[in-house]
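One structure is given here, and the rest of the page talks about it.
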Amino acid sequence: IEIVAVPFFNESRELRGLVFVFHDISELKQVEQIRKDFVANVSHELKTPVTSIKGFAETMLDDDSIDPEMLRKFLTIIYKESDRLQSLIHDLLELSKLERDEFKINLNRINFSSIVRESVTIVKDMANKRNVELILDVNDDLNLTGDEQRLKQVILNLLYNAISYSKKDGKVHVSAYKNQQWLTLTVKDNGIGIPESLIGRIFERFYRVDQGRSRETGGTGLGLAIVKHIVEAHDGFIEVDSQYGVGSTFTINLPITHGLTN
Ligand code: ADP
């Protein structure tokens with residue numbers, strides 16, 4: 001609590017008393033702490049790949065007797081770590097754009113069914129490589145008012161996660177349907193699931209249940225924070241249902257009309 005004393009005077013400018021103003025600064029402090037944590041997280045996340053890139057490049061420069069096979073290994077690591085850096089910078093810029101107050105979604109009448117299909121096509125290779133089966137159950141005429149690029153990003157992020165956190169013989173069900181008011185998309189996997197006590201935290205920036213696994217699959221820890229922002233910018237909401245070791249279902253609900261009439 002911060003206390004400020006403000007004097008007040010009568011018409012003859014005589015001091016009549018003091019008004020004490022109590023500011024509850026705990027919320028401000030909290031915001032400041034979140035900001036500090038964020039900066040610390042970003043620094044840490046950026047430092048790790050850079051340290052590794054620099055280290056391997058140095059080794060290659062210092063020692064010219066490294067055999068070609070080893071060189072290739074080092075270069076592969078450098079390539080992967082640069083790739084990581086690139087995704088991280090991309091996601092950070094996205095998030096910062098979304099969090100700025102003036103951020104506007106670009107609303108148009110769009111066909112959601114085709115966005116879902118396009119997104120599924122994009123992740124097909126990744127799914128094949130990991131032996132994950134994609135099962136699609138999407139009605140044809142799902143139209144809504146929304147931002148096509150952003151919504152595609154939402155669907156892709158959910159699909160990437162469902163595939164990344166799958167187990168052997170994974171299956172990912174994607175379904176979309178609507179009622180009078182809401183368009184609903186569910187992405188259901190039979191993957192590793194999320195411990196119940198941690199479900200509430202997965203939308204936080206950089207929060208990961210398993211740091212190692214997330215890194216291994218190229219995760220930045222920012223995907224779901226971005227998803228939540230975009231869904232809420234559409235006046236929608238996101239829900240998660242997950243059982244540790246069994247699988248997870250992410251559901252997004254979007255109002256069919258947003259600003260525009262049908
Ligand atoms: P990441 O880049 O690490 O995947 P996200 O913000 O997309 O970051 O997700 C945050 C964390 O939530 C992940 O690190 C993972 O622990 C958990 N998570 C997200 N989606 C799933 C899923 N489908 N199954 C299991 N865990 C998941």
**OP:** Please provide three numbers in whole Å: the alpha-carbon extents of the range 126-225 along the principal axes, with the largest listed first.
**Re:** 41, 29, 26
**OP:** Return the lysines within reach of LYS129: Cα separation strictly under 27 angstrom, same-chain partners fewer than 8 residues apart disregarded; answer none if there are no such residues.
**Re:** LYS73, LYS80, LYS152, LYS167, LYS168, LYS171, LYS188
**OP:** Tell me the label-point distance for the pair ALA5, PHE237, using the 7 Å Cα-to-Cβ offset, in nm and rounded to one decimal.
**Re:** 4.7
**OP:** State, to one decimal in nm, how far the label point of LEU28 lies from the label point of THR184, with both points 7 Å from Cα in the Cβ direction.
**Re:** 4.4
**OP:** Please express the Cα-Cα pair-distance distribution P(r) of the range 142-193 as a list of whole percents, one per 5 Å bin, running from 0 to the bin with the greatest distance.
**Re:** 5, 18, 25, 21, 15, 10, 5, 1
**OP:** Whole number in Å², please: accessible area per residue of the range 159-262, 1.4 Å probe, ligands, DNA and RNA not counted.
**Re:** 49
Original post:
If the cut-off is a Cα-Cα distance under 20 Å, which lysines reach LYS36, setting aside same-chain residues fewer than 8 apart in sequence?
Top reply: LYS47, LYS97
Original post:
Can you give the direction-averaged projected area of the convex hull of the alpha-carbon atoms in the chain, in nm²?
Top reply: 22.7
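In Å³ and rounded to a whole number, note down the convex hull volume per residue for the Cα atoms of the range 43-196. Each step should come with its number before you reach the end.
On the way: hull volume 27.6 nm³, N = 154.
Normalising the Cα hull of the range 43-196 by residue number yields 179 Å³.
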Original post:
Which percent of the accessible area of the range 178-260 is formed by carbon and sulfur heavy atoms (probe 1.4 angstrom)?
Top reply: 46
**OP:** Extending each Cα 7 Å along its Cβ direction at ASP63 and SER114, get the distance between those two points in nm, one decimal.
**Re:** 5.5
Original post:
Based on DSSP H runs of at least 4 residues, each adding -39500 (n - 2.57), what is the mean residue ellipticity at 222 nm of the chain after dividing by all its residues, to the nearest 500 deg cm²/dmol?
Top reply: -16000 deg cm²/dmol
Original post:
In the range 89-125, which trypsin sites (Lys or Arg not before Pro) are in a loop and have at most 15 other Cβ atoms within 10 Å, using DSSP for the loop call?
Top reply: ARG100, LYS104
**OP:** On the protein heavy atoms, probe 1.4 angstrom, tell me the percent of accessible surface of the range 1-102 carried by carbon and sulfur.
**Re:** 58
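The values are calculated or read from the model by the stated rules, or taken from the named source; none is laboratory data. It should be emphasised that the depicted structure is a prediction, and the values quoted were computed from it without experimental measurement. Don't worry about glycine lacking a Cβ; one is built from the backbone with ideal geometry, like all the others, and counts go over all protein chains shown. Ligands, DNA and RNA are stripped out before the accessible areas are found, and what is left, the full protein with its side chains, is counted by its heavy atoms. Shrake-Rupley method; radii C 1.70, N 1.55, O 1.52, S 1.80 Å.
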